[in-house]
Amino acid sequence: MNIEEFFELSAGKWFSHRTSHHLAFKQSEDGKSDIVIEMLAADHPEVIQLCQQYEVNPSEASCGARVTWNGTMEWDEEKHTGSTVLVTVPDADNPSEGKLLREMGYAEKAPVAGRYKMGSDDALTLTTEYETMWSEERLWFASPNLRMRVSILKRFGGFSMASFTSEIRMGGSSAAAKAAEVSNSAS
């Protein structure tokens, strides 16, 4: 599977359940979210705008996605909502790796560019360095309608958080059929 097929397979509405382990506090926290992932073509205006923001030639982008979330975390019970645009820019000599441009980061709420790598096992690994921390996230499909994520966050020389997330695709059979079609064509 390539990065475009991974994004295609990810398109749709998902119910997400995350357990985060805050290592410094020796505590865990649950969170639940509804996530909507929309594919954006490489020539979509938002993809072009994000490329220009990072001074990347838009013709180098392979695809993009808009991710919108609405959820809660156990500790604060306030709503966590937002949206961001992601753009993939494959390395010229190795398209299974490249830059991942983000309109807004996951660990810090600011624009950030990271790296992606599609593994031979069809898992996507995202690595992002922020000013004060580093994160690595691995995503894979257990089935077309079940996506898994594990992530670690490291600050100031030590791991501060690890999380596991399961995401279940919501919605009609057309989303599942399209997902299965993408998955089968990649095999």
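Observations on the model:
- Separation of the range 122-168 from the range 1-49 is 10 Å, based on Cα centroids.
- Apportionment of accessible area to carbon and sulfur, the chain, percent (1.4 Å): 52 percent
- For the chain, accessible area per residue (1.4 Å probe, heavy atoms of protein chains only), Å²: 53 Å²
- Residue (of Leu124, Gln27, Leu9) at the positive-pole extreme of the chain, dipole from beta-carbon charges: Gln27
- Comparing Glu46, Glu60, Glu38 in a Gaussian network model of the chain, where Cα atoms under 10 Å apart are tied by springs, the biggest mean-square fluctuation is seen for Glu60.
- Between Asp121 and Ala92, the contour length at 0.36 nm per residue exceeds the alpha carbon distance by 8.3 nm.
- The local environment of Val150, defined by Cβ-Cβ distances under 11 Å, has a net charge of +1 under the rule Lys, Arg +1 and Asp, Glu -1.
- Of the options [x] 17.8; [y] 12.2; [z] 11.0, only one is mean projected area of the Cα convex hull in nm² as computed from these coordinates, and that is [z].
- For the chain, calculated [θ]222 nm from helices alone, where every DSSP H run of n ≥ 4 adds -39500 (n - 2.57): -5000 deg cm²/dmol
- Added length on full extension, which subtracts the Cα-Cα distance from 0.36 nm per residue, Glu29 to Met133: 35.4 nm
- Across Asn57, Asn70, Asn145, mean-square fluctuation computed from a Gaussian network of the chain (C-alpha pairs under 10 Å connected) peaks at Asn57.
- Dipole magnitude for the range 18-141: computed about the Cα centre from +1 point charges on Lys and Arg Cβ and -1 point charges on Asp and Glu Cβ, it is near 80 debye.
The values are calculated or read from the model by the stated rules, or taken from the named source; none is laboratory data. Quick caveat, the model's predicted, so the values are computed rather than measured. All Cβ positions, glycine included, derive from the backbone under ideal geometry; neighbour counts span all protein chains shown. Only protein heavy atoms, including side chains, enter the accessible area calculation; ligands, DNA and RNA are left aside. Shrake-Rupley method; radii C 1.70, N 1.55, O 1.52, S 1.80 Å.
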